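The values are calculated or read from the model by the stated rules, or taken from the named source; none is laboratory data. Everything numeric in this text was worked out from a predicted model, so none of it was measured. Neighbour counts are summed over all protein chains in view; Cβ atoms, including those assigned to glycine, are modelled from backbone coordinates with ideal geometry.
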Amino acid sequence: MKTATINQDVTDRLEIGDVTACYTCATCSGRCPATGIDGFDPRKLVRMAVLGMKDELVEARWPWICTMCGRCEYACPMDVKIGSLVRNIRSLRDRDKVPGTLHKGVEAALKTGNNFSIPKDDFIFVMNDVAEEFAEEEGLPDFEIPLDKTGANILCTVHGKLPFGQTDDLKWWWKIFYAAGESWTVPSDNWEGVNWALYTGDDAAMRTMVGRIVENMERLEAKSLLLPE
């Protein structure tokens, strides 16, 4: 009975559901792409939760090695929500102790509307420049990037790394839209499509970023949302 009490206490504090259903079959470990990095094993992480090792989990590197790909949950025969466990553990860490890149990305997104602090004028310039390049490559003299178009059928967000790092990736979905004669748009404000707050367990920041996308949908009167990422 003492073990059951400890387990329930851990479940309540971490909000992770019934981790006690795990019987350490290691199916999750066999599916996890991060297994073995710094000794990481999702099965062990679950056992630590069952044993009440909350503080050790919050301070550990293991929850941040996890890619949150979900393969462990998909494979688990007992339906243990390992990904949810990892995210809730991450949410309990002090924000200034969240791994630097993720923490800075969330802060940048809250302040500037994208994870890399790309200024609006620079974003507009790059998008138009890439659109001109695309039009020339494809022989489409009438092609223009429809920034902030009102009443489009599809509103597209953009991955923060694309405008300055992987512009060719933008062209693939532009080509599809052009061929289909689709009505679409990209917002020039709060255009980021990757919500890093999801991965840091920061629910308040995640709600803010999702809310901005909703505001863009309403402001531009778009009918559908596309997250190309």
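Residue by residue through the range 30-57, note down the ones that are surrounded by 13 or more Cβ atoms within 10 Å (Cβ to Cβ) and closer than 13 Å to Thr67 by Cα.
Matches in the range 30-57: Arg31, Cys32, Ala34, Thr35, Ile37, Phe40, Asp41, Pro42.
Looking only at the range 69-92, count every residue that is surrounded by fewer than 18 Cβ atoms within 10 Å (Cβ to Cβ), hydrophobic (A, V, I, L, M, F, W, C) and within 16 Å of Asp202 (Cα to Cα) and tell me the total.
1
Which of the residues belonging to the range 157-206 are buried (at least 18 other Cβ atoms within 10 Å of the Cβ), β-branched (Val, Ile, Thr) and closer than 25 Å to Asp121 by Cα?
Across the range 157-206, the qualifying residues are Thr157, Val158, Thr185, Val186, Val194.
Could you check, for the range 184-203, whether at least one of its residues is over 17 Å from Phe116 (Cα atoms) and in a helix (DSSP H, G or I)?
yes
Are there any pairs, at least 6 apart or on different chains, whose C-beta atoms fall under 6 Å, with the first in the range 93-108 and surrounded by 16 or more Cβ atoms within 10 Å (Cβ to Cβ) and the second part of a helix (DSSP H, G or I) and among the hydroxyl-bearing types (Ser, Thr, Tyr), and if so, which?
Val98/Thr200; Leu102/Thr200; Val106/Thr200
Just checking, how many residues over the range 122-161 are aliphatic (A, V, I, L, M), more than 24 Å from Arg219 (Cα to Cα) and part of a helix (DSSP H, G or I)?
The total comes to 2.
I'd like the residue in the range 142-156 that is among the aliphatic types (A, V, I, L, M) and within 21 Å of Lys120 (Cβ to Cβ) and, out of all such residues, is modelled with the lowest pLDDT.
Per the stated criteria, the residue is Ile145.
What residue, among those in the range 207-229 that are exposed (fewer than 13 other Cβ atoms within 10 Å of the Cβ) and acidic (Asp, Glu), is nearest to the chain's Cα centre (by Cα)?
Step by step, filter the range 207-229, then rank; the result is Glu218.
Assess whether Asp169 counts as being outside the structural domain of Gly83 (by TED's automatic domain parsing), more than 24 Å from the chain's Cα centre (by Cα) and modelled with pLDDT under 95.
no
Quick one: is Asp202 under 23 Å from Ala108 (Cβ atoms), among the acidic types (Asp, Glu) and at pLDDT below 95?
So Asp202 passes the test.
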